[in-house]
Amino acid sequence: MISSGQSLDRPFLTVNNLGVAFPTEDGLVRAVDGIDLTLERGKTLAIVGESGSGKSVTAQAIMGLVNRKAAQVTGEIWIDGQELIAMPEAEVQELRGSEIAMIFQDPMSSLHPFYRIGDQIVEAIRAHRPMSPKLAKRETIEMLRHVGIPAVERRVDAYPHQLSGGMRQRVMIAMALINSPALLIADEPTTALDVTVQAQIMELIQRLQGEFGTTVILITHDLGIVADVADEVAVMYAGRIVERAPTTILYDHPEMPYTLGLLSSVPRMDRAALERLDPIRGNPPSPINLPKGCVFQPRCNYSDRTGGLSMTVRPELLPSGPDHLVRCHLPPEERQRIARDVLAQLAGAPQ
Amino acid sequence: MFAYLVRRVLGMVVLLFLLSIAVFFLFNLLPGDPARLTCGKACTPAIIEANRHRLGLDEPVLTQYEKFVAGIFVGRTFSPDSPEPIQCHAPCLGYSFTRHEEVLTTIETAAPVTFWLAIGAFIIWIVTGITLGIVAALNRGHWPDRLVMGISLVGYSFPSFFLGLILIFFVIIRWQILPFPNYVSPFDNPVQFLQTMILPWIVLASLQAAFYIRLTRNQVLEVFSEDYVRTARAKGLPERVVVVKHALRAGLTPIVTAAGLDLAYLLGGAIIAENIFSLPGLGSLAVTSVLQSDLPLITGITLVTATIIIVANLVVDMLYAVVDPRVRVG
């Protein structure tokens with residue numbers, strides 16, 4: 001069990017130089033390459049990025065779900081004073097589902113099709129707490145009611161295929177929170193759901209976070225939901241964090257051109273229907289064959305303003321104001337000016 | 001579930017009916033004259049005609065079929081106007097004039113041999129196939145995997161008749177580990193029964209076991225990348241529970257179905273195994289009846305075998321509905 005108290009002076013979650021690399025026949029794939037994170041207890045961190053940016057692998061590494069036989073995991077992950085990477089698998093297994101829990105992208109396939117949903121949650125309880133099946137079932141019913149499942153007494157004995165996608169995600173949330181974990185990792189929890197259900201699920205996660213005091217890491221590619229939920233945002237690109245800031249700062253004063261690109265890609269109801277979305281051009285680089293300089297350089301509209309630096313040198317993640325870290329070769333004044341222009345354009349105001 | 005069962009049983013009855021038509025007409029349209037075969041070399045057209053009448057072969061095919069079906073339910077009498085009419089009690093699958101025996105009696109004598117052969121081979125095939133497949137999958141890329149896949153490849157590439165002859169030559173003749181096969185009922189002499197059956201079981205099981213090693217390995221590897229297995233790990237369950245309760249339960253279920261469908265293979269494969277080891281089962285009987293153009297017996301064996309396979313499929317589908325809740329319909 002995690003002991004609290006000794007770590008009052010330290011953040012609840014600290015990730016130091018986390019790396020996850022998969023050896024393949026074509027070479028070493030560095031899915032995550034030197035990530036640093038900190039997160040205070042009870043707060044929400046959003047990790048944002050395109051598919052393949054390494055955000056899901058980061059989540060799975062924190063969860064201890066990366067197969068240690070298939071991947072090299074390096075660095076340190078401190079949760080409440082305990083370091084997870086060097087910890088024996090048996091102890092990590094103790095923490096999984098009790099102190100750290102996770103909900104996944106696709107509730108259709110994340111529940112076992114052969115077992116009743118109630119039994120699956122009872123199993124989660126009894127994996128960590130000795131409890132009679134009867135009591136565990138009572139607690140399960142209570143939790144299912146709490147996450148907003150109607151007609152719980154009947155639904156508790158249903159199989160996953162008898163429930164809708166939104167209901168299944170509620171079941172997943174109930175299962176994740178049943179042992180009151182200190183940290184909840186939500187990996188694209190709404191991506192596979194209908195738009196109307198998405199908002200309900202995010203509200204539910206927020207409400208429960210408030211009730212249980214859970215710390216949340218939200219993995220998503222949707223900057224639209226991040227603004228309402230997260231206290232802090234880390235933008236990932238090609239296995240690295242390229243910008244990190246408190247949410248308000250990131251939205252009001254983004255600096256990294258990739259973040260600007262993500263912000264421009266969010267469809268908005270208040271924008272003119274004829275106005276085209278402005279997606280980031282090109283595709284993420286192959287993790288085996290990364291560009292020599294800045295990894296974002298081939299897709300960057302402003303790389304010619306770095307004096308050729310972005311072609312040759314990897315930029316560092318450096319402070320650019322309080323709590324604001326940016327990985328970019330552009331001079332700070334230059335990228336702030338670019339950001340103002342882009343945001344003004346997005347807001348529809350004259351330049 | 002009950003409605004589903006009723007529907008399936010009704011479907012089975014219809015299927016059997018259609019099958020009996022197909023089998024009966026198919027074999028009656030075959031070239032060759034069964035009546036000619038009933039009398040030896042000293043044959044005259046008059047005797048052939050008399051025999052044809054005695055066998056009921058002078059009647060239209062449709063009438064013959066009606067009598068055949070009626071015989072199954074109420075029994076029938078062959079050559080009723082001769083001095084010695086032949087009674088065939090219900091369920092009557094016909095009368096073999098070559099053997100002078102009711103078809104059902106012949107089949108009933110031979111069926112237990114094939115039954116024991118199939119059961120033993122089925123157990124060997126499923127147990128080795130699934131166990132070795134799981135071992136290979138859990139050790140993917142390491143030496144146990146390579147060893148098992150090597151064994152599987154050998155099992156694949158040996159034709160079963162060749163494997164049978166090799167086994168007879170070495171195990172029985174050269175090393176004399178086992179006596180020559182001589183079938184007895186397991187209830188009369190269990191030791192001799194086992195000594196006789198072990199090699200036929202291996203021969204009959206080898207190819208299927210080799211196939212099931214690969215099938216199981218692929219299934220298990222596939223199911224390990226399923227999201228719900230990741231969920232099981234995320235719950236903090238011990239790896240043993242993740243593997244057995246979550247991964248294998250889901251991964252092995254389709255194999256149940258495949259195995260049920262492959263039961264048909266056993267009955268086909270029994271023909272080879274029984275002939276190599278001179279076992280008096282349905283397989284040997286089928287070969288003999290074909291060689292002797294014993295039409296009633298061929299029809300009877302085909303119908304009985306088909307019925308067994310259809311019933312087995314039904315049972316397998318029922319089992320599948322028990323293990324996979326998604327299949328439970330209506």
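The values are calculated or read from the model by the stated rules, or taken from the named source; none is laboratory data. Since the structure is predicted, the reported quantities are computational estimates derived from the model, not experimental observations. Because the Cβ atoms are built from the backbone with ideal geometry, glycine has one as well, and the counts that use them run over all protein chains shown.
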Before we move on, is B:F193 at pLDDT 90 or above, away from chain A (no Cβ under 14 Å) and assigned to a helix (DSSP H, G or I)?
yes
Hey, among the residues in segment B:293-330 that are within 14 Å of another protein chain (Cβ to nearest Cβ) and assigned to a loop (DSSP other than H, G, I, E, B), which one's farthest from B:L18 (Cα to Cα)?
B:D324
Considering only residues that are among the polar types (S, T, N, Q) and closer than 21 Å to A:S264 by Cα, which ones fall in segment A:206-244?
A:T220
In segment A:207-225, what residues are modelled with pLDDT of 90 or more and either among the β-branched types (V, I, T) or loosely packed, with under 15 Cβ neighbours inside 10 Å (or both)?
A:R207, A:G210, A:E211, A:F212, A:G213, A:T214, A:T215, A:V216, A:I217, A:I219, A:T220
Residues that are not aliphatic (A, V, I, L, M): list the helices (runs of 4 or more DSSP H) wholly contained in segment A:128-245 that include at least 3 such residues.
A:133-146, A:152-155, A:165-177, A:195-212
Inside segment A:266-287, can you point out the residues that are within 20 Å of A:N301 (Cα to Cα) and at pLDDT 80 or above?
A:I280, A:R281, A:G282, A:N283, A:P284, A:P285, A:S286
Within segment B:56-73, the residues that are assigned to a helix (DSSP H, G or I), among the aliphatic types (A, V, I, L, M) and either surrounded by 12 or more Cβ atoms within 10 Å (Cβ to Cβ) or not assigned by TED's automatic domain parsing to the domain that holds B:F25 (or both) are B:V61, B:V69, B:A70, B:I72
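Residues are listed down the side, and each one gets a yes or a no for (1) away from chain B (no Cβ under 14 Å); (2) hydroxyl-bearing (S, T, Y); (3) on the phi > 0 side of the Ramachandran plot; (4) buried (at least 22 other Cβ atoms within 10 Å of the Cβ):
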{"position": "A:R154", "(1), (2), (3), (4)": "yes, no, no, no"}
{"position": "A:L177", "(1), (2), (3), (4)": "no, no, no, yes"}
{"position": "A:A186", "(1), (2), (3), (4)": "no, no, no, yes"}
{"position": "A:T191", "(1), (2), (3), (4)": "no, yes, no, no"}
Name the residues in segment B:124-147 that are of a type in the set (A, V, I, L, M) and either free of Cβ contacts under 8 Å to residues at least 12 places away in the same chain or not in a helix (DSSP H, G or I) (or both), would you?
B:V127, B:L147
Selection from segment A:71-127 of residues at the interface with chain B (Cβ under 9 Å from one of its Cβ atoms), aliphatic (A, V, I, L, M) and part of a loop (DSSP other than H, G, I, E, B) yields A:L111
For A:K134, which of the numbered conditions (1) at pLDDT 95 or above; (2) surrounded by 20 or more Cβ atoms within 10 Å (Cβ to Cβ); (3) more than 18 Å from B:R240 (Cα to Cα) fails to hold?
(2)
Residue check, A:M167 within 9 Å of chain B (Cβ to nearest Cβ), in contact (Cβ under 8 Å) with a residue 12 or more places away in the chain and within 28 Å of the chain's Cα centre (by Cα)
no
Test B:I47 against the criterion of being within 16 Å of B:A306 (Cα to Cα) and assigned to a helix (DSSP H, G or I), and give yes or no.
no
For segment B:102-134, what are the residues that are crowded, with 17+ Cβ neighbours inside 10 Å and not hydrophobic (A, V, I, L, M, F, W, C)?
B:E102, B:T106, B:T114, B:G120, B:T128, B:G129, B:G133
Among (1) closer than 19 Å to A:V229 by Cβ; (2) in contact with an Asp or Glu (Cβ under 9 Å, 6 or more places away or on another chain) - the single one A:A101 does not satisfy
(2)
Condition (residue is in the same structural domain as B:I272 (by TED's automatic domain parsing), closer than 14 Å to B:G300 by Cα and of a type in the set (S, T, Y)) applied to segment B:123-134: is it met by at least one residue?
no
Only one of A:V66, A:V57 is within 14 Å of chain B (Cβ to nearest Cβ), in contact with a helix residue (DSSP H, G or I) (Cβ under 8 Å, 6 or more places away or on another chain) and buried (at least 18 other Cβ atoms within 10 Å of the Cβ). Can you tell me which?
A:V66
Select from segment B:227-285 the residues that are in a helix (DSSP H, G or I) and among the aromatic types (F, W, Y) and write down the one among them that is modelled with the lowest pLDDT.
B:Y265
